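Below: the structure, in structure tokens.
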There are 2 protein chains.
Amino acid sequence: MAKKPNILFVMADQLRADFIGVNGHPTIMTPNFDKLASDGYNFSNAYCQAPVCGPSRMSFYTGRYARSHGAVYNGVPINVNEQGLGNYLRPLGYRVGLVGKTHMAKDIEGMRRLGIDSESSLGVLLSQCGFEPYERDDGLHPDNRVSPDLAYNAYLREHGFAGENPWHSWANSGVDENGELASGWFLRNSHLAARIPDEHSETAYMTNRAIDFIRETGEQPWCLHLSYIKPHWPYIVSEPFNTMYTSDDVREAVKSDERSSHPVVDAFRQHEESVELSKDHVRKQVIPTYMGLVSQVDFHFGRLIEFLEKNQQLDNTLIVVTADHGDYLGDYGLGEKDLFHEPSVRIPMIMKMPTSDGLTVAAGSTCEDLVESIDLVPTFIEIAGGQIPTHILEGRSIIPLLEGKITNEWRNFTFSETDYAYRPARKMLKVLPSDAKILMVRNKRWKLIMYQGFESQLYDLESDPTELYDVIKDPQNEKIIKELEEAAFEWALSRKSRTTVSDEQIETAINPKSRGIYFGVW
Amino acid sequence: MAKKPNILFVMADQLRADFIGVNGHPTIMTPNFDKLASDGYNFSNAYCQAPVCGPSRMSFYTGRYARSHGAVYNGVPINVNEQGLGNYLRPLGYRVGLVGKTHMAKDIEGMRRLGIDSESSLGVLLSQCGFEPYERDDGLHPDNRVSPDLAYNAYLREHGFAGENPWHSWANSGVDENGELASGWFLRNSHLAARIPDEHSETAYMTNRAIDFIRETGEQPWCLHLSYIKPHWPYIVSEPFNTMYTSDDVREAVKSDERSSHPVVDAFRQHEESVELSKDHVRKQVIPTYMGLVSQVDFHFGRLIEFLEKNQQLDNTLIVVTADHGDYLGDYGLGEKDLFHEPSVRIPMIMKMPTSDGLTVAAGSTCEDLVESIDLVPTFIEIAGGQIPTHILEGRSIIPLLEGKITNEWRNFTFSETDYAYRPARKMLKVLPSDAKILMVRNKRWKLIMYQGFESQLYDLESDPTELYDVIKDPQNEKIIKELEEAAFEWALSRKSRTTVSDEQIETAINPKSRGIYFGVW
């Protein structure tokens, strides 16, 4: 029997879909991502299930929508009985490792209640969404709470970058015009070069760790989640990426039409990150750095591909490059993510299938079907030869789509959610923590955004691809609004909570009579 | 400090709300339930969250809708990380015991995955919805799979009722005209007297065990779930209850108007229990027995009240009598339950508050507000002096309602669900196991029943209290249909899955900046 294909699941945090060359950015350089697309597939309509790190990642890892896994915002622990990728792939013979970020908060209360020691080997897996934490590093290490055990800091010190927290003082800081240390936490310093040679940057280091994992794993099939922290802030990057782009590479910010004013969006516009990133001089300084961070990730990803090639593992590996969400970068008067404009909710998704398993797919194509982050878990299970637990997973394997076996019955709608309970916007609007949900439902043409307690928004992506005009009030849209609302209703009613019994078990359930139980029998 | 009030949570399985004297049945004798109502409150619009044992009970015990706890049908294991009544009351100093049925299926797969030994003391609690299983007995013990350890069988043998399975051969069988053993599993035998004196019946025995539990518990505050198996089938009852009612006590069956034909309901009408229970001679034989079983439960419940009174515990105990669902008993051409006519989905709910804690409520009133089974957990937590975890529980404490503190903002809609994946009706209709959901949304006047994949039904309970005419197609009802659908949509979107973080924790969440994390700061 042929060796099962490996799975290289690469995530770049906060990487906007349109900041990749093959996705049409005019000047960004991402030759390795572009090459992957030309060797594989580029999904141009891929969406995250929540435009925020934590819930989006939990959807990626569990194959379930945010409301189903329940970890609806950063820091919300995921129910200890939710299953992750590792739970599915490990029994199929895979080593399932993590290098980098997951943003998973463990369910300490649940573990206590269930008598599970979080330090035990089981407890560790349960604390890592089922991944073996080969190198867990969520990538944000402020001086006042950096772990003394942070491996990257130990690495930096070994290489001569001394101090309590070289992650901050070297890798995420620069030196300003006066020769003073300038923290990357502050946007004003984003133009400076990080004080670290690129070869010792976080991105380089994580790539090395990924190579270590693959090398160490040897012959066993593996699934590696290489989860880059960048291009997520702190926005600061090492040479040569620091000078690769200039303000000339910064496209004009997308400015919403005033008809697109909405109480919730407007409240987000008052957030500090929105106010700052909306300023032209800030964008012109930050975006070139953001682009440099993207190119840096691309560069090191290229090294990893090279390593796989040298080790004759490239052909037998499914490779996917994606992101947990995008980044507004000042478009629409917004910073960060959270909301549902395309720069925030659309994600890059480039996938190369293993060529050794007989799949005959046309390489280099772009797939415009609506793909969701929750599709990865079933795709991986299928490629690993497992049975997809359809009573738990809410996504679909992409493989039949790539095989051309699915045409128009694939998926008519995609859904993404936010819970802004933790954000200042909620307090500004005097909304209760339980009432801060937003749901996006989108088909290929239309996007409806439904706000708990506020009016919905509607965009026509065909006539208005940059989402300038909210057309919710246009009477001629009543029909499409109804259709999208009905899809959302059906979706809400169809979430999978009966996770302990499979459909097959129901189909083959034993008749009560054969168990000696009679009812309604004369 | 005064002793915390005890909680006596009595459930009678499959007890129709209208088969209680105080609820208007013309001839049934339930003096003890009636007395409880005159000393307390009678909720005339109480609804179960699922008109089937398992999911309804899991809603009673977890305080959450069926789609939230996920155990949507009998035998579907409940996620091991769902919390039950015991989890909430035990930390408040209560002994939380079970006598009788829960219909809980434990999450063996989840326990295995989480390394929990189901035989350990924790495992046992997790297998019993958080109840200490003082005497767990689900009440159905066919000869071919009766447990050799069934305590009630040991009891029967001790009292001279010999055999492999005296539960069946004595307590749930009669002797027919030819002197042959006649099993209570078959409706044709329901007129016979059970071969057991009433004092050794299941209902008597469970009551005795409840008394044992209370006596044994002594001074500690307790919550006892006394969960009677009867009047659930096998429909057979001991003397004198066997002859208490005759066919004269059987009201005419409610016959649906043909305009109320519906594919799903019609498929249920083809079930054997529907066909049989629709026959007049069957109803005339079964219903008097059913009534006898109800009076038997009432009688023994009266003994328990007497015991509490003698032991000076009556005043300090919250007592509630309810049921998991009703019983069609041939009305609408249906047997059993599962669907949403009032005889199936409405439940009795009679509650007497502890009189020692200073509540000033007018005794003997009937409360017409919409009350749900999930309201009991928060009510019990409040009476026990605990904090209601509103991020997990989906019901509301009834206490403010009884205190007159809540008027019209109580609850406008009630919801109940069925998943008929396991039922023959689904296969008849060629529906997939994942597509067999039904949702009822009801306000005080209207009831909308929404079927996955089929048209909805609408009943006007004001003009048509017996639900004869489905008025979904009446154009003048468009507005109310829209209103009910919107309520259902809002409800579906508002289910509570963020159960690991409370609203209070969110309100007091620490600002990222104070943790040294800066984003969007120039």
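Residues that are at pLDDT 95 or above and among the hydroxyl-bearing types (S, T, Y) were ranked within the stretch B:331-372; the one that is nearest to B:L468 (Cα to Cα) is B:Y332.
Is it true that some residue in the stretch A:142-162 is of a type in the set (S, T, Y), more than 28 Å from A:N79 (Cα to Cα) and under 25 Å from the mean Cα position of the chain (by Cα)? Yes, that holds for at least one residue.
The residues in the stretch B:476-522 that are facing chain A (nearest Cβ under 7 Å), closer than 30 Å to B:Q457 by Cα and among the aliphatic types (A, V, I, L, M) can be counted, and the count is 2. Looking only at the stretch A:93-100, decide whether some residue is touching a Ser or Thr at 6+ places or on another chain (Cβ under 9 Å), within 11 Å of chain B (Cβ to nearest Cβ) and among the charged types (D, E, K, R). The answer is no; no qualifying residue exists. If you check B:Y47, B:Y61, B:Y41, B:Y88 for being buried (at least 22 other Cβ atoms within 10 Å of the Cβ), within 22 Å of B:D137 (Cα to Cα) and of a type outside the set (S, T, N, Q), only one passes: B:Y61. Mind checking which pairs have a first residue in the stretch A:447-459 that is away from every other protein chain (no Cβ under 11 Å) and in contact (Cβ under 8 Å) with a residue 60 or more places away in the chain and a second that is of a type in the set (F, W, Y) and part of a loop (DSSP other than H, G, I, E, B), Cβ under 8 Å, 6 or more apart or different chains? Qualifying pairs under 8 Å: A:K447/A:F340; A:I449/A:F340. Please indicate, with yes or no, whether at least one residue in the stretch B:199-217 is open to solvent by 50 Å² or more (accessible area, probe 1.4 Å), in contact (Cβ under 8 Å) with a residue 12 or more places away in the chain and not charged (D, E, K, R). Within the stretch B:199-217, none of the residues are open to solvent by 50 Å² or more (accessible area, probe 1.4 Å), in contact (Cβ under 8 Å) with a residue 12 or more places away in the chain and not charged (D, E, K, R).
Among the residues of the stretch B:327-352, count how many are under 30 Å from B:D315 (Cα atoms) and among the basic types (K, R). Outline the logic, then answer.
We begin by selecting, within the stretch B:327-352, every residue under 30 Å from B:D315 (Cα atoms); these are B:346-352.
Keeping just the survivors that are among the basic types (K, R) gives B:346, B:352.
So the answer is 2.
Among (1) of a type in the set (G, A, S); (2) open to solvent by 40 Å² or more (accessible area, probe 1.4 Å); (3) on the phi < 0 side of the Ramachandran plot; (4) assigned to a loop (DSSP other than H, G, I, E, B), where does A:G115 come up short? A:G115 satisfies all of (1) of a type in the set (G, A, S); (2) open to solvent by 40 Å² or more (accessible area, probe 1.4 Å); (3) on the phi < 0 side of the Ramachandran plot; (4) assigned to a loop (DSSP other than H, G, I, E, B) except (3). I'd like to verify a number: residues in the stretch A:237-264 that are crowded, with 20+ Cβ neighbours inside 10 Å and either under 15 Å from A:D327 (Cα atoms) or of a type in the set (K, R) (or both), how many? So the answer is 1. Which numbered condition trips up B:M58, out of (1) away from chain A (no Cβ under 14 Å); (2) assigned to a helix (DSSP H, G or I)? So B:M58 meets the others, but not (1). Considering only the stretch A:427-447, I want to know if a residue exists there that is in a loop (DSSP other than H, G, I, E, B), open to solvent by 20 Å² or more (accessible area, probe 1.4 Å), at positive phi and at pLDDT 95 or above. Yes, the stretch A:427-447 has at least one match.
Which residues, counting only those in the stretch A:11-36, are surrounded by 24 or more Cβ atoms within 10 Å (Cβ to Cβ) and closer than 11 Å to A:I319 by Cβ? Matches in the stretch A:11-36: A:F33, A:L36.
What number of residues in the stretch A:66-81 are under 18 Å from the mean Cα position of the chain (by Cα) and open to solvent by 10 Å² or more (accessible area, probe 1.4 Å)?
Looking only at the stretch A:66-81, we keep the residues that are under 18 Å from the mean Cα position of the chain (by Cα), and these are A:66-78.
Those left that are additionally open to solvent by 10 Å² or more (accessible area, probe 1.4 Å): A:67-68, A:72-75, A:77.
Residues flagged as under 18 Å from the mean Cα position of the chain (by Cα) and open to solvent by 10 Å² or more (accessible area, probe 1.4 Å) within the stretch A:66-81 amount to 7.
Does at least one position in the stretch A:372-390 carry a residue that is touching a residue at least 12 places away in the same chain (Cβ under 8 Å), within 13 Å of another protein chain (Cβ to nearest Cβ) and surrounded by fewer than 24 Cβ atoms within 10 Å (Cβ to Cβ)? Scanning the stretch A:372-390 turns up at least one residue that is touching a residue at least 12 places away in the same chain (Cβ under 8 Å), within 13 Å of another protein chain (Cβ to nearest Cβ) and surrounded by fewer than 24 Cβ atoms within 10 Å (Cβ to Cβ). Which residue pairs have Cβ atoms closer than 7 Å, lie 6 or more positions apart in sequence or on different chains, and pair a first residue in the stretch A:431-443 that is touching a residue at least 12 places away in the same chain (Cβ under 8 Å) and within 7 Å of another protein chain (Cβ to nearest Cβ) with a second residue that is assigned to a helix (DSSP H, G or I) and open to solvent by 40 Å² or more (accessible area, probe 1.4 Å)? What qualifies is A:P433/B:E507. Applying the criterion of being in contact with a Cys (Cβ under 8 Å, 6 or more places away or on another chain) and more than 28 Å from B:R498 (Cβ to Cβ) to the residues of the stretch A:373-419, the residue that is modelled with the highest pLDDT is A:A384. Residues considered: A:Y422, A:Y469. Of these, the only one that is among the hydroxyl-bearing types (S, T, Y), open to solvent by 80 Å² or more (accessible area, probe 1.4 Å) and either more than 23 Å from the chain's Cα centre (by Cα) or within 22 Å of B:S497 (Cβ to Cβ) (or both) is A:Y469. Checking each residue in the stretch A:101-112 for being assigned to a loop (DSSP other than H, G, I, E, B), surrounded by fewer than 23 Cβ atoms within 10 Å (Cβ to Cβ) and within 11 Å of chain B (Cβ to nearest Cβ) picks out A:A105, A:K106. Per this entry, B:N74 is counted among residues that are in contact (Cβ under 8 Å) with a residue 40 or more places away in the chain, in a loop (DSSP other than H, G, I, E, B) and within 11 Å of chain A (Cβ to nearest Cβ).
Being touching a Lys or Arg at 6+ places or on another chain (Cβ under 7 Å), open to solvent by less than 50 Å² (accessible area, probe 1.4 Å) and facing chain A (nearest Cβ under 9 Å) is the filter here, so list the residues in the stretch B:127-157 that pass it. Matches in the stretch B:127-157: B:P142 only.
So, A:Y420, is that one closer than 26 Å to B:E486 by Cβ, aromatic (F, W, Y) and without any contact (Cβ under 8 Å) to a residue 40 or more places away in the chain or not?
On the way: closer than 26 Å to B:E486 by Cβ: yes; aromatic (F, W, Y): yes; without any contact (Cβ under 8 Å) to a residue 40 or more places away in the chain: no.
Criteria not met by A:Y420.
Quick one: how many residues across the stretch A:141-156 are at pLDDT below 95 and closer than 20 Å to A:P197 by Cα? Qualifying residue count, the stretch A:141-156: 0.
Conditions tested, residue by residue: (1) over 30 Å from B:T246 (Cβ atoms); (2) touching a Pro at 6+ places or on another chain (Cβ under 7 Å).
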{"position": "B:N6", "(1), (2)": "yes, yes"}
{"position": "B:M11", "(1), (2)": "no, no"}
{"position": "B:Q14", "(1), (2)": "no, yes"}
{"position": "B:A17", "(1), (2)": "no, yes"}
{"position": "B:I20", "(1), (2)": "no, yes"}
{"position": "B:I28", "(1), (2)": "no, no"}
{"position": "B:P31", "(1), (2)": "no, no"}
{"position": "B:V80", "(1), (2)": "yes, no"}
{"position": "B:L89", "(1), (2)": "yes, no"}
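If the requirement is being out of contact with any Lys or Arg (no Cβ under 7 Å at 6 or more places or on another chain), within 14 Å of chain B (Cβ to nearest Cβ), among the basic types (K, R) and over 26 Å from A:F489 (Cα atoms), which of these qualifies: A:K405, A:K427?
Numbers: A:K405 fails: within 14 Å of chain B (Cβ to nearest Cβ).
Checking each option against the conditions leaves just A:K427.
The values are calculated or read from the model by the stated rules, or taken from the named source; none is laboratory data. Nothing here was measured: the structure is a model prediction, and the numbers come from that model. All Cβ positions, even for glycine, are placed from backbone atoms using ideal geometry, and neighbour counts span all protein chains on display. Areas reflect the complete protein model, heavy atoms only, side chains present, ligands, DNA and RNA absent. Shrake-Rupley method; radii C 1.70, N 1.55, O 1.52, S 1.80 Å.
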